[in-house]
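This report concerns only the one structure given below.
The values are calculated or read from the model by the stated rules, or taken from the named source; none is laboratory data. If you're wondering where the values come from, they're calculated on a predicted model, not measured in any experiment. Note that we place each Cβ from the backbone using ideal geometry, even for glycine, and neighbour counts take in every protein chain shown. Just the protein is used for accessible areas: all its heavy atoms, side chains included, with ligands, DNA and RNA removed. Shrake-Rupley method; radii C 1.70, N 1.55, O 1.52, S 1.80 Å.
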Amino acid sequence: MYTKKANQILIIGIIALILAVFPMVGTACAIFGLIVAARNKNARTLIRADVGRGLSIIALLINIVAIIYLILFKQISHTPAWLMSLREAFYATKFYSDFENNFITDNRYTFIRKGLGVTFEVTFFAVLLGIALGVVVALIRSSYDTLKEELKGGFGKAILFILYKICGIYLTVIRGTPVVVQLMIIYFVIFASSNNKILVAVLAFGINSGAYVAEIIRGGIMSVDKGQFEAGRSLGFGYVRTMAFIIIPQAFKTVLPALANEFIVLIKETSVSGYVGLQELTKGGDIIRSRTYSAFMPLIAVAIIYLLIVIFFSWLVSLLERRLKNSER
Amino acid sequence: MSADNNVIISVNDLKKYYNGGEVKALDGITTDIKKGEVVVVIGPSGSGKSTFLRSLNLLERPTGGTITFEGKDIMSSSTDINKLRQQMGMVFQHFNLFPHLTILKNMTIAPMKLHGLSKEAAEKKALDLLRRVGLQDRAGAYPAQLSGGQKQRIAIVRALAMDPDVMLFDEPTSALDPEMVGEVLDVMKKLAEEGMTMVCVTHEMGFAREVATRVIFMDCGKIIEENTPDQIFTNPQNERLKSFLQKVL
Ligand SMILES: Nc1ncnc2c1ncn2[C@@H]1O[C@H](COP(=O)(O)OP(=O)(O)OP(=O)(O)O)[C@@H](O)[C@H]1O
Ligand SMILES: [Mg+2]
């Protein structure tokens, strides 16, 4: 019954985002979207209304930044006198000279931009590696727990036992030492001959995250009712197929939010990559600081960027959680 | 051990110990289950009924003794237990339907993946079975949308979709509200009439009396008495059986 309003809110949000090319109209549209959303709180029981509202907020931010940019910097043929004087006054402030010194002179903003790219790159591949490792380790550990009775000794059991022990050591070592130390060991000791810092960072953070992901997934597997496993086995599915068709799909659903949170944690953790000289976002800000000897602007800028990223992804996770809860009925 | 080729399951001196022999859940069970028999297992709580039933398809690993199913030793390492389990349907007290799959998928996943049935063939078969238990209109629903009685009827036909030779039931009506017990027992009764070989652990004495061909009374991990329902209920021999019947009837 609220579907119509919810759809409306969603569409307004999308339009507001597109209209960022005409920031004035875009802002108006975004504000309109927020008002509609605020006046139809009921519609927000539908996820799509929340998505629309979120898009409106994002559009609003983008549009406001665009407007500020247009007012202060855009060169047009007949800039009105009042605007010129406004600009002169702004250019004369300490804020602007700091801003210019830190970000515009020598194109210093590129340290931030490139750093952000590196941060995303490292995080993305580290997450993939972490999930792959985590799934494998979780499966080995939980399969040993359930299969140790069923395997009648012999070769298979010995192999599984060795793998189980290796996974145990992996979890203990990785979770028992700081990630910076792991990063430095991989860079300075294991990969001493290579200079591929991105690869080193991906490995370090992926291996580190894998240990936490493994425990998240194992928790998910254990949270699935034992009767599900027995039902699968009693139909005639073997261990692997029972896991694949029945247990993992249910476990995955319960751990998805926790996995997404692990990703958010990882984005922030990559900020220590500067220890091995990788120029990611934090290091980028720090380089600016070392060139300009002013710490405030670059570091606050870096902090704001992390904050926006984390808020954005946390929002996505909350939508995901709601989505999963809805499908449970 | 039996040369009788009507015997489907042959159990010999079956033992299951927990905590290194401290708990003797099964303490030497010997019995044969023949084709077409409906064996009802009764006994007080903790007497080992579930353990016995779950040993038959190796959900529990026995400590000692032998079980042969259709002539094969199920505990031998050369036996493919997954193959054997496909011929033994099992119904649980708590249904254990797969909550992430629709009713139709619950019923087609095993025939498709294990018997290699095409999607169409598996769905046709599932719908036929659903019709038999009057639930054909719930094919697209998820388990959470069904009542307990409906869930258990689905669990029964899910097992039947694999064309098993034997059906094992572990207290299939114990988790149900009283008004739903009847609909599940009716399905089981129909199944028995069609000649299915069944082993049921149940507290429904009416069902045992009416449908069973043989009743086994267990206590402390042992078979204390086994006989036709008529003899068990009207002419019990053992004192423990007598006092058990006094409590439940
Ligand atoms: N995993 C286990 N560890 C230790 N003891 C167990 C375990 N499983 C069962 N037992 C014991 O084995 C005995 C038989 O249990 P079982 O579940 O077979 O009884 P039951 O006849 O099915 O009882 P109920 O009617 O309550 O279902 C009980 O004494 C029980 O405590
Ligand atoms: Mg029981």
Would a scan of the stretch B:202-217 turn up a residue that is within 16 Å of ligand 2 (Cβ to nearest atom), of a type in the set (V, I, T) and open to solvent by less than 40 Å² (accessible area, probe 1.4 Å)?
yes
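What residue, of A:A260, A:A231, A:A244, A:A251, is open to solvent by less than 10 Å² (accessible area, probe 1.4 Å) and more than 8 Å from every other protein chain (Cβ to nearest Cβ)? Let's see the steps before the verdict.
Details: A:A260 fails: open to solvent by less than 10 Å² (accessible area, probe 1.4 Å); A:A231 fails: more than 8 Å from every other protein chain (Cβ to nearest Cβ); A:A244 fails: open to solvent by less than 10 Å² (accessible area, probe 1.4 Å).
Every option except A:A251 fails the conditions.
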Any residue that is more than 16 Å from the chain's Cα centre (by Cα), more than 13 Å from every other protein chain (Cβ to nearest Cβ) and surrounded by 21 or more Cβ atoms within 10 Å (Cβ to Cβ) - is there at least one of those in the stretch B:52-63?
no
Which one of A:I76, A:I185, A:I140, A:I159 is surrounded by fewer than 12 Cβ atoms within 10 Å (Cβ to Cβ) and closer than 30 Å to A:A204 by Cβ?
A:I159
Quick one: which of A:Y109, A:Y2, A:Y69 is open to solvent by 70 Å² or more (accessible area, probe 1.4 Å), closer than 27 Å to A:R323 by Cβ and not charged (D, E, K, R)?
A:Y2
Exactly one of these conditions fails for B:E193: (1) over 19 Å from the mean Cα position of the chain (by Cα); (2) surrounded by fewer than 15 Cβ atoms within 10 Å (Cβ to Cβ). Give me its number.
(1)
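Please indicate, with yes or no, whether at least one residue in the stretch A:222-236 is touching a helix residue (DSSP H, G or I) at 6+ places or on another chain (Cβ under 9 Å), farther than 30 Å from A:D50 by Cβ and of a type in the set (S, T, Y). Lay out the reasoning, then the answer.
The first filter runs over the stretch A:222-236 and keeps only residues touching a helix residue (DSSP H, G or I) at 6+ places or on another chain (Cβ under 9 Å), leaving A:222-225, A:228-236.
Keeping just the survivors that are farther than 30 Å from A:D50 by Cβ gives A:222, A:225, A:228-236.
When the remaining residues are screened for being of a type in the set (S, T, Y), the result is A:234.
Yes, the stretch A:222-236 contains a residue that is touching a helix residue (DSSP H, G or I) at 6+ places or on another chain (Cβ under 9 Å), farther than 30 Å from A:D50 by Cβ and of a type in the set (S, T, Y).
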Give all pairs with beta carbons closer than 9 Å in which a residue from the stretch B:77-96 that is over 28 Å from A:K157 (Cα atoms) meets a residue that is assigned to a strand (DSSP E or B) and of a type in the set (G, A, S); count only pairs at least 6 apart in sequence or on separate chains.
none
Anything in the stretch B:166-175 that is open to solvent by 20 Å² or more (accessible area, probe 1.4 Å) and farther than 28 Å from B:N6 by Cβ? List them, or say none.
B:S174, B:A175
So if I check each of A:L171, A:L147, which one is within 14 Å of chain B (Cβ to nearest Cβ) and open to solvent by less than 30 Å² (accessible area, probe 1.4 Å)?
A:L147
Could you say whether any residue in the stretch A:102-113 is more than 30 Å from A:S290 (Cα to Cα) and at pLDDT below 95?
no
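Given the criterion open to solvent by 10 Å² or more (accessible area, probe 1.4 Å) and within 14 Å of chain A (Cβ to nearest Cβ), identify the matching residue among B:D128, B:D163.
Details: B:D128 fails: within 14 Å of chain A (Cβ to nearest Cβ).
Of B:D128, B:D163, the one residue that is open to solvent by 10 Å² or more (accessible area, probe 1.4 Å) and within 14 Å of chain A (Cβ to nearest Cβ) is B:D163.
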Can you pull out every residue in the stretch A:9-40 that is farther than 14 Å from A:L60 by Cβ, touching a residue at least 40 places away in the same chain (Cβ under 8 Å) and surrounded by fewer than 19 Cβ atoms within 10 Å (Cβ to Cβ)?
A:I11
Can you find even one residue in the stretch A:193-207 that is more than 18 Å from A:A132 (Cβ to Cβ) and touching a strand residue (DSSP E or B) at 6+ places or on another chain (Cβ under 6 Å)?
no
When both residues are 6+ apart or on different chains and their Cβ atoms are under 6 Å apart, which pairs have a first residue that lies in the stretch B:18-45 and is in contact (Cβ under 8 Å) with a residue 12 or more places away in the chain and more than 16 Å from ligand 1 (Cβ to nearest atom), and a second that is outside any strand (DSSP E or B) and among the aliphatic types (A, V, I, L, M)?
B:V38/B:A192; B:V38/B:V211; B:V38/B:A212
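Scan the stretch B:84-105 for residues that are among the charged types (D, E, K, R) and either touching a Ser or Thr at 6+ places or on another chain (Cβ under 8 Å) or at the interface with chain A (Cβ under 7 Å from one of its Cβ atoms) (or both) and report the count. If you could, list the steps in order and put the result at the bottom.
Within the stretch B:84-105, the subset among the charged types (D, E, K, R) is B:85, B:105.
After this cut, where a residue has to be either touching a Ser or Thr at 6+ places or on another chain (Cβ under 8 Å) or at the interface with chain A (Cβ under 7 Å from one of its Cβ atoms) (or both) as well, the list is B:85.
So the answer is 1.
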Part of a helix (DSSP H, G or I) and touching a residue at least 60 places away in the same chain (Cβ under 8 Å) - does that describe any residue in the stretch A:147-160?
yes
Out of (1) more than 17 Å from the chain's Cα centre (by Cα); (2) of a type in the set (F, W, Y); (3) open to solvent by 70 Å² or more (accessible area, probe 1.4 Å), the odd one out for A:F191 is which?
(3)
